[in-house]
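Nothing in this text is a laboratory measurement; each read-out follows from the coordinates by a stated rule. These numbers were taken from a predicted model, which means no experiment stands behind them. FYI the Cβ positions are ideal-geometry reconstructions off the backbone, even for glycines, and counts take in every protein chain you see.
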Amino acid sequence: MMSESEESFFDSVLITGASGGLGEEFARQLVFSCSQMILVARREDRLVALSADLKAQNPDLNIQHHIVDLTSSDEREEFTAKLLEDEVSVDLLVNNAGLGDYCMFTDSEWTKLDQMIQLNMTALTYLAHALIPQMRERGSGAIINVSSLASILPMPEFAVYAATKAYVTSFSEALRLELKGDGIPVVALCPGPVHTEFGSVAMPADADALPGRDMFYVDKSEVVSKALSGLVGCQARVYPGWKVKSVAVGISLLPMAVIRWVMSKRIAK
Ligand SMILES: NC(=O)c1ccc[n+]([C@@H]2O[C@H](COP(=O)([O-])OP(=O)(O)OC[C@H]3O[C@@H](n4cnc5c(N)ncnc54)[C@H](OP(=O)(O)O)[C@@H]3O)[C@@H](O)[C@H]2O)c1
């Protein structure tokens, strides 16, 4: 939860991918920091249970949940049209929904890659494009785009995922500059590994855990609280956890030739 000294209050917060992992954690930490919360994902039972929990904690909170497959352009359009029709003005957009696909590019299925591109890049960009005009008109708003530490590394066996996140970080940085004059902060949240369902979605059941990954895990509560304090502090990027931050600094200082050599050691086959 946001501490009192860091507290911001939002009229309306929209969180994508709220049915689990980081999205659910954003909802829990923002429960007293907004008057309306809009939760988006595909698993309705999860959203219903979360809404009931949040409502029990804060009976004054107005919660809506929307079942939207964000990889579908029709469903995205229907959803944003509904928000406009209901005159919902989103103050804080948490563009969190995302998925990975851990395998060699040539072994991957196009359907999954396409879903990943649609979700990680197109849906995130679409929602920002649809909601920023209202924020500008009101002269207030904020955006957290959930990217990844992978956004600053070309990653074999995670090539498309890392590339989608490179897009998210680059897009967020540029958008932040465009919206500076409007007082709309944009944060790229770049976590390292976090225990959520992300791994089970991204990795085949028989895949080995990524080597060295364990030592970088950061708890999801810390990831989200760092993102929210990064928003208050108008940070451009948030790398939660000192080890992840150190890796990010290290990567930014290393020559590309060294990064290529290190990443070539990752390939299992
Ligand atoms: N966990 C990590 O290690 C890690 C590290 C760096 C960055 N991230 C990023 O953090 C974000 C959140 O991931 P997480 O770790 O919390 O993973 P997660 O537990 O798998 O949660 C993913 C969320 O996205 C939603 N989602 C998936 N496909 C969707 C679709 N087609 N339409 C709408 N919603 C969809 C899921 O809900 P439904 O299945 O109910 O639709 C779920 O709520 C992602 O952008 C991920 O790339 C994660």
TODO: Could you state the angle between the C-alpha long axis of helix 159-179 and the longest principal axis of the C-alpha atoms of the chain, as a value from 0 to 90 degrees rounded to the nearest 10?
DONE: 40 degrees
Open item on the list: Using Cα springs under 10 Å in a Gaussian network model of the chain, which residue among 220, 165, 55 shows the largest mean-square fluctuation?
Closed with: 55
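Enumerate by residue number the GluC sites (Glu not before Pro) in segment 80-126 meeting two conditions: DSSP loop (anything except H, G, I, E, B), and at most 13 other Cβ atoms within 10 Å of the site's Cβ. Intermediate results must be reported in sequence, preceding the final value.
Values: sites: 85, 87, 109; in loops: 87, 109.
Within segment 80-126, the qualifying GluC sites (Glu not before Pro) (loop, at most 13 other Cβ atoms within 10 Å) are 87, 109.
Could you line up 267, 143, 132 from fewest to most neighbouring Cβ atoms inside 10 Å?
Working: 267 9, 143 25, 132 20.
Listing 267, 143, 132 from fewest to most nearby Cβ atoms yields 267, 132, 143.
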Task: Likely footprinting exposure, 105, 10, 158, fewest C-beta neighbours within 10 Å first - done: 105, 10, 158
Open item on the list: Around residue 90, under 15 Å between beta carbons, what's the net of Lys plus Arg minus Asp minus Glu among the other residues?
Closed with: -3
TODO: Could you give the C-alpha radius of gyration of the chain expressed as a fraction of 2.2 N^0.38 Å, taking N as the number of residues it contains?
DONE: 0.98
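Taking the Cβ of residue 101 as the center, what net charge do the other residues with Cβ under 11 Å away carry, scoring Lys and Arg +1 and Asp and Glu -1?
Numbers: positive: 112; negative: 107, 109, 114, 157.
Summing Lys/Arg as +1 and Asp/Glu as -1 gives -3.
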TODO: Could you tell me which of 253, 129, 140 has its Cα farthest along the dipole of segment 8-264 towards the positive end, charges placed at Cβ (Lys, Arg +1; Asp, Glu -1), taken about the Cα centre?
DONE: 253
Task: C-alpha long axis of helix 73-85 to longest principal axis of the chain, angle in ° - done: 30 degrees
Task: Of 165/245; 180/245; 180/243; 55/180; 180/226, pairs whose Cα-Cα distance is over 27 Å - done: 180/243; 55/180
Open item on the list: Tell me the angle of helix 242-253 to the major Cα principal axis of the chain, expressed in degrees between 0 and 90 and rounded to the nearest ten.
Closed with: 60 degrees
